[in-house]
1. What number goes with the only condition from (1) in contact with a Phe, Trp or Tyr (Cβ under 8 Å, 6 or more places away or on another chain); (2) modelled with pLDDT of 85 or more that residue 32 does not pass?
2. Taking the stretch 209-227 on its own, how many of its residues are open to solvent by 70 Å² or more (accessible area, probe 1.4 Å) and within 14 Å of residue 184 (Cβ to Cβ)?
3. Which one of 61, 51 is in a loop (DSSP other than H, G, I, E, B) and of a type in the set (D, E, K, R)?
4. For residue 123, which of the numbered conditions (1) over 22 Å from residue 224 (Cα atoms); (2) open to solvent by less than 60 Å² (accessible area, probe 1.4 Å); (3) of a type in the set (A, V, I, L, M) fails to hold?
5. Within the stretch 67-83, does at least one residue satisfy the condition of being of a type in the set (A, V, I, L, M, F, W, C), open to solvent by 60 Å² or more (accessible area, probe 1.4 Å), at pLDDT below 95 and not in a loop (DSSP other than H, G, I, E, B)?
6. Tell me, yes or no, whether the stretch 231-252 has at least one residue that is at pLDDT 80 or above, among the acidic types (Asp, Glu) and open to solvent by 70 Å² or more (accessible area, probe 1.4 Å).
7. Keeping to the stretch 178-203, report how many residues are open to solvent by 80 Å² or more (accessible area, probe 1.4 Å) and touching a residue at least 60 places away in the same chain (Cβ under 8 Å).
8. Please work out if residue 115 is under 19 Å from residue 180 (Cα atoms) and among the aliphatic types (A, V, I, L, M).
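The values are calculated or read from the model by the stated rules, or taken from the named source; none is laboratory data. What you are looking at is a predicted structure, and each value in this text was computed from that prediction instead of being measured. No Cβ is skipped: glycine too gets one built from the backbone with ideal geometry, and neighbour counts run over all protein chains shown. Heavy atoms of the whole protein, side chains included, go into the accessibility calculation; ligands, DNA and RNA do not. Shrake-Rupley method; radii C 1.70, N 1.55, O 1.52, S 1.80 Å.
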Amino acid sequence: GNCNLSARSDPHQEFTGKNVLMQFKQLGEATAVQQAGLPVARAQQLLGECRQQLFDKRASRPRPSLDDKVVTAWNGQAISAYALASRILPAEQPPAPPCFPVEGCPPGAYLQAAVAAASFVKAQLWDEGSQRLRRAFCKAPSAVEGFSDDYALLIAGLLDLYEAGGGLGWLSWALQLQDTLDSLFWDSSSGGYFQSSGTDPSIKLRLKEDYDGAEPAPSSIAAGNLLRLAALLPQGASPSSSSSSSSLAVEDDRLMDPRVYATVVRGVLDYMRRDMTHPDGGLYSAEDADSLDTATGKKAEGAFYVWAADEVQQVLGEERAAVFAEVYGVQPGGNC
């Protein structure tokens, strides 16, 4: 199956008989498409309609629990993603309609989402008087002050937003944040940025992240931010270039893959706008893996997202389900 599950990784048999919908075949290779005599364009349209039907049916299921805290650092990354998408995706080939749920939005919609998220963070998580960020928002701003990754990733997001046409005000705020980042977190003896500010007496040891893992290290992001600010601002108006030089000196160079998977990008961003956005614009943190399985009345991992073969046929009808099942690997006994 396409889940690569072993008995050890599914001890409660939550995925038994279930299917994860993932395209297994190209339309031209599907026997059901050939037997039905469907042109590829019509088959694409049919599958788009099938995805819409299944999406509407799935919407009636109990949703996974939502981690609705708005984390400053992660919103900085989301702002970058939306701003860059508004610039890059117009040059990419649009999906063949209907390609639900990856239809894509006009570039302006992604830019508006970036502006809304940045506005939320500034309104809820930035104290203009103290020039400090808060770490997170959950019904109200947290008492925890921001860490260096909150500043660095938000600055990067604001620079991307400014360069995408969001307005000069975001560049001005990025400069304010950079001044605070330098004053609170900079290691003047060894270079780079500490994770914490040193103002909390309960933190006895100030750590400095130097590894780019699932999330990049603050010093890595800050080095890029400083170089960008130096290029954007007149000489003498940008933060000291010594900070960027020292920060780069303690970081390894990383090469970025230049390929853009436009359909995946559109799908992720559309999902974030649809399901993971606070009414005022901030981005939530995560959805739970578990949700209520209406068939058993119990919570199960992945229950909101997986399908039994008979459910697919019931929603789509026998003829459409045959085409859909072959292309998306739906098996009577499940493909997990």
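1. With respect to (1) in contact with a Phe, Trp or Tyr (Cβ under 8 Å, 6 or more places away or on another chain); (2) modelled with pLDDT of 85 or more, residue 32 is out only on (1).
2. The qualifying residues number 0.
3. 61
4. So residue 123 meets the others, but not (2).
5. Within the stretch 67-83, none of the residues are of a type in the set (A, V, I, L, M, F, W, C), open to solvent by 60 Å² or more (accessible area, probe 1.4 Å), at pLDDT below 95 and not in a loop (DSSP other than H, G, I, E, B).
6. No: zero hits.
7. 1
8. On the way: under 19 Å from residue 180 (Cα atoms): no; among the aliphatic types (A, V, I, L, M): yes.
Criteria not met by residue 115.
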